[in-house]
Amino acid sequence: MDMRHLRFIALTLLTPLPLFAQAAGGSDTVIFGLRAAIGFFGAIAFIVFLTGFIIYLTRLGTERRADGIKIMEKGVSVVIVVIVATGVLRWLEG
């Protein structure tokens, strides 16, 4: 799975969620579900980044060190998506 697919999946899952919360009148259950989903994706992104960092450290001095960097880039891109989704959710709750 390359970075474009990962971004597409994250954006597809997170983009409509705040709109559903607004349509539901901002009920506490929907807001809780959205925050849980964003937290879940944030945790996964952190684990992906940490895995890439460990791979990077264990392969110091080898040719395959770039694999760790690519994995870290994917983790950072998902973290950025999660931060933006959190900001949009807070703005909609406003």
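The values are calculated or read from the model by the stated rules, or taken from the named source; none is laboratory data. Source: prediction; values computed, not measured. Cβ placement follows ideal geometry from the backbone for every residue including glycine, while neighbour counts extend to all protein chains displayed.
A43 passes every criterion in (1) of a type in the set (A, V, I, L, M, F, W, C); (2) more than 9 Å from the chain's Cα centre (by Cα); (3) surrounded by fewer than 15 Cβ atoms within 10 Å (Cβ to Cβ); (4) more than 21 Å from D28 (Cα to Cα) apart from (2). Given the condition of a type outside the set (F, W, Y), in contact with a helix residue (DSSP H, G or I) (Cβ under 8 Å, 6 or more places away or on another chain), surrounded by 13 or more Cβ atoms within 10 Å (Cβ to Cβ) and not in a helix (DSSP H, G or I), answer yes or no: does some residue in the stretch 60-71 qualify? There is no residue in the stretch 60-71 that is of a type outside the set (F, W, Y), in contact with a helix residue (DSSP H, G or I) (Cβ under 8 Å, 6 or more places away or on another chain), surrounded by 13 or more Cβ atoms within 10 Å (Cβ to Cβ) and not in a helix (DSSP H, G or I).
Annotation: I47 fulfils all but one of (1) part of a helix (DSSP H, G or I); (2) modelled with pLDDT under 90; (3) out of contact with any Lys or Arg (no Cβ under 6 Å at 6 or more places or on another chain); (4) hydrophobic (A, V, I, L, M, F, W, C); the unmet one is (2).
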